[in-house]
Amino acid sequence: MKIAVIGLGAMGYQMATCLAKSFSVVGYDIASERLELAAEAGVDTATSAAAAATGADVVVVAVRNRAQLEELLYGKDAIAPVLKKGAAVLLTSTIGMQAVEKIAAKLKKEGIYFIDAPVSGGPVRAGKGDLLIVVGAYEDAYAFVQPVLEKMASTLVWVGKAPGRGQAMKTVNQLLCGVHIAAAGEALALAGHLGLDQEVVLDALMAGAAESFMLGDRGPRAIEAYRGETSEVKSRLDIFVKDMGIVTAAAKAAGIAVPVAAAAEQEYLLGYANGQGAMDDSSLIRVIAPDTKP
């Protein structure tokens, strides 16, 4: 099975290197430095998205948003026209239910499978094939890409037999993740302002009932941000601006109030307005504590 991975950012790069251990993989990214990084890791690279997708059985797509997906499929360097009949587009990104349903219907008419498979777990777990992947796909499409999904995931959940169901599940997931990051930032900011050693606080919290994955993962980088230090960017803050927007829009459409998620969304928007969009999302702590503390 020939696989193309398009979008070699923090997640896409790790998924490509993981899949390359079991399949023939070619990668592409618009950033030359990401192509070089993939090549150094032993992943074959292409000169364009269309070149990467030509002849591929499965195209794993790791883009930021709906606009990037539509550009990839039907824009200047479009892959849809070069995909062979019966090939599959496997979307790992979070772009929202309605967008996926519309795109999947269009590709189906062109004889292309669409697998709605947003991922969760972060880059380190992506490199180990240890992701949570929630899938919305028709039964034949799911069966076709299942060997690929199983290499990427330690937890694979087929949540619905139609594209869009994966996005629905990921929307629920991102509500919790976005709130947890915001709550972690508030808690660690409060600890700092109370004169506590934040590393000691983090260790103690992770040993008790307040423990969460986001607290443990983002906590150390949030403490660095609190001190005014620059952290490695593992998940950009503007991704959660997008994702929390998807969460609150979905809740509004469903007629349900999500006041905690809405409050968290405002924190991400404040961070974005402060110029933190390209910073790690753990820098959200700077919204609560904008002044560097000793």
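The values are calculated or read from the model by the stated rules, or taken from the named source; none is laboratory data. Just so you know, these numbers come straight off a predicted model, no measurement behind them. Heads up, the Cβs are rebuilt from the backbone with ideal geometry, glycines too, and the neighbour counts pull from every protein chain shown.
Is it true that some residue in region 119-134 is under 17 Å from Ile6 (Cα atoms), out of contact with any strand residue (DSSP E or B) (no Cβ under 8 Å at 6 or more places or on another chain) and not assigned by TED's automatic domain parsing to the domain that holds His180? Write out each step before concluding.
Residues of region 119-134 under 17 Å from Ile6 (Cα atoms): 119, 123, 126-127.
The next check asks that each one be out of contact with any strand residue (DSSP E or B) (no Cβ under 8 Å at 6 or more places or on another chain); those that pass are 123, 127.
The next check asks that each one be not assigned by TED's automatic domain parsing to the domain that holds His180; those that pass are 123, 127.
Yes.
Any chance you could count how many residues in region 264-287 are in a helix (DSSP H, G or I) and in contact (Cβ under 8 Å) with a residue 12 or more places away in the chain? Can you show your working first?
The first filter runs over region 264-287 and keeps only residues in a helix (DSSP H, G or I), leaving 264-273, 281-287.
Okay, now just the ones that are also in contact (Cβ under 8 Å) with a residue 12 or more places away in the chain, so 264-265, 267-272, 281-287.
Total meeting the criteria: 15.
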Picked from region 1-29 (must be within 25 Å of Arg236 (Cβ to Cβ) and aromatic (Phe, Trp, Tyr)), the residue surrounded by the most Cβ atoms within 10 Å (Cβ to Cβ) is Tyr28
For region 103-133 the number of residues that are within 19 Å of Met152 (Cα to Cα) and either modelled with pLDDT under 95 or outside any loop (DSSP other than H, G, I, E, B) (or both) is 16
List pairs: first in region 239-258 and assigned by TED's automatic domain parsing to the domain that holds Gln68, second modelled with pLDDT under 95, Cβ under 9 Å, 6+ apart or cross-chain? none
Go through (1) touching a Phe, Trp or Tyr at 6+ places or on another chain (Cβ under 8 Å); (2) assigned to a helix (DSSP H, G or I); (3) not acidic (Asp, Glu) for Ile3 and report which single condition fails. (2)
Just give me the residues in region 134-155 being farther than 17 Å from Lys21 by Cβ and not in a helix (DSSP H, G or I), in sequence order. Val134, Val135, Gly136, Ala137, Tyr138, Thr155
